[in-house]
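Read through the structure below, which is laid out as structure tokens, and then see the notes.
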Amino acid sequence: MKFLTSEKLVICGAAGMIGSNMLQTAMMLRLTPNIVLYDPYIKGLEGTYEEMLHCGFDGFNLQYTDDISVAFRDADYIVSSGGAARKAGMTREDLLKGNAEIAAKLGRDIRNYAPDVKHVVVVFNPADITGLVTLLYSGLQPHQVSTLAALDSTRLRSELAKYFKLPLDKVKNTNTYGGHGEQMAVFSSSTTIDNLPLNKIIGTDVFPEEDWHALQQRVIQGGKNIIELRGRSSFQSPAYLSIKMMEAIMGGEAFPWPVGAYSNILGYQNIMMAMDTQLSKEGVKVHLPKGISNELEVLKRSYKHLCSLRDEVINMGIIPPINQWSELNPHIL
Ligand SMILES: NC(=O)c1ccc[n+]([C@@H]2O[C@H](COP(=O)([O-])OP(=O)(O)OC[C@H]3O[C@@H](n4cnc5c(N)ncnc54)[C@H](O)[C@@H]3O)[C@@H](O)[C@H]2O)c1
């Protein structure tokens, strides 16, 4: 059976829930036979490796290591979920600081050991910030780094499909941009429900305004709901979507959802956030989402929220002030 490419894919955080599921998805989609698993937790990493052998997949050259220099040598693609998930008693700031520090190290490791990597997908949270920090320290070009940001859009589609009791594919073009969760910017003007524009239905008897607000809350709480139902944070959906991003980057099937990318668009600068994006072998292309004026206002609010998170990371001393970014990475103007 054929592979999409024979280039080397590295999965960081492969001992974890998302990382190990990314591996299984990449193998099932037969992206490449050459996959290297990295995680500092070597015992769990061996467990992931062993389980994949037990699946009985043919044709793979699978390796694992807790030595990042070995993992990254000659890497063509890197995807990383290697960071902490938020646990009880942990503040958002704790997660932000810890994972931003991991992202700074990831960036330095890319610069040192994988300077010729083609693309890096960052998954660990808060992904917009960890992606930005990785980009700055890696020295890569902005189109070479993207982040997983599709889950609000896929959750919006599933909530709408459940509300209207329709199959998922009757709900089209659900796009959320900007930051994740509370700060997402829903662009309902692009969405159709069984071919009817969503904006024509909102506020009618078919879909009262209060139901629309409640539905958006369910989207925002989508991740929390999975924790309540399953007793742990989501892992199958982020793993699947991250590897589908990688498939598009390797030249395979297009990725239909927004991804997080570095934006240099006027009014949305010096930030990584979900925009109207296309992934291909050339990396990620970023455009300002098309929307009506109140959607763009919400996007602006979301951008400002991400700027305040970014500024927290600057104040923590993890990344320098914006006017010094080009010294760290000359591709950032
Ligand atoms: N972007 C998204 O939409 C999205 C969705 C869900 C979860 N996440 C995030 O993904 C991350 C991973 O979640 P999980 O459920 O797989 O967690 P997990 O705890 O199961 O796995 C994390 C793995 O990362 C490893 N790790 C720790 N430090 C590392 C480092 N410096 N380099 C490489 N690996 C390292 C750990 O040993 C562990 O095996 C979390 O930050 C979570 O919040 C993101």
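The values are calculated or read from the model by the stated rules, or taken from the named source; none is laboratory data. Everything numeric here is computed off the predicted structure, so don't read it as measured data. With ideal geometry, Cβ positions are generated from the backbone for all residues, glycine too; neighbour counts draw on all protein chains shown.
Screening GLU46 against (1) over 21 Å from SER234 (Cβ atoms); (2) in contact with an Asp or Glu (Cβ under 9 Å, 6 or more places away or on another chain); (3) not basic (Lys, Arg) leaves a single unmet condition, (2). I'd like to know if region 171-179 contains one or more residues that are within 16 Å of the ligand (Cβ to nearest atom), free of Cβ contacts under 8 Å to residues at least 24 places away in the same chain and not hydrophobic (A, V, I, L, M, F, W, C). Yes, the conditions are met somewhere in region 171-179.
How many residues, within region 195-211, are surrounded by 12 or more Cβ atoms within 10 Å (Cβ to Cβ) and either acidic (Asp, Glu) or in contact with a helix residue (DSSP H, G or I) (Cβ under 8 Å, 6 or more places away or on another chain) (or both)? Of the residues in region 195-211, 7 are surrounded by 12 or more Cβ atoms within 10 Å (Cβ to Cβ) and either acidic (Asp, Glu) or in contact with a helix residue (DSSP H, G or I) (Cβ under 8 Å, 6 or more places away or on another chain) (or both). Taking region 203-249 as the region of interest, the helices (runs of 4 or more DSSP H) fully inside it that hold 1 or more residues being within 16 Å of the ligand (Cβ to nearest atom) and out of contact with any strand residue (DSSP E or B) (no Cβ under 8 Å at 6 or more places or on another chain) are 222-230, 236-249. Sub-9 Å Cβ pairs linking a first residue in region 105-130 that is in contact (Cβ under 8 Å) with a residue 24 or more places away in the chain and among the aromatic types (Phe, Trp, Tyr) to a second residue that is more than 9 Å from the ligand (Cβ to nearest atom) and part of a loop (DSSP other than H, G, I, E, B), at least 6 apart or interchain, are TYR113/ARG73; TYR113/ALA75, ordered by first then second residue. For region 7-75, the strands (runs of 3 or more DSSP E) that sit wholly inside it and include 2 or more residues that are within 12 Å of the ligand (Cβ to nearest atom), modelled with pLDDT of 95 or more and crowded, with 23+ Cβ neighbours inside 10 Å are 9-12, 34-38. Inspect all residues belonging to region 262-271 and state whether any of them is within 28 Å of THR5 (Cβ to Cβ) and loosely packed, with under 15 Cβ neighbours inside 10 Å. Among the residues of region 262-271, not one is within 28 Å of THR5 (Cβ to Cβ) and loosely packed, with under 15 Cβ neighbours inside 10 Å, which makes the answer no.
Scanning region 76-97 for residues that are of a type in the set (A, V, I, L, M, F, W, C) and either modelled with pLDDT of 95 or more or at positive phi (or both) yields a count of 2. Scan region 141-169 for residues that are farther than 26 Å from ASP205 by Cα, in contact with a helix residue (DSSP H, G or I) (Cβ under 7 Å, 6 or more places away or on another chain) and part of a loop (DSSP other than H, G, I, E, B) and the total you get is 3. Within region 105-131, if we keep just the residues that are near the ligand (Cβ under 10 Å from one of its atoms) and assigned to a helix (DSSP H, G or I), the residue that is farthest from SER69 (Cα to Cα) turns out to be ASP128.
Being assigned to a loop (DSSP other than H, G, I, E, B) and crowded, with 20+ Cβ neighbours inside 10 Å is the requirement here; does PRO256 meet it? No; evaluated as a whole, the condition is false for this residue.
Applying the set (1) away from the ligand (no atom under 13 Å from the Cβ); (2) outside any helix (DSSP H, G or I) to VAL79 leaves exactly one unmet item: (1).
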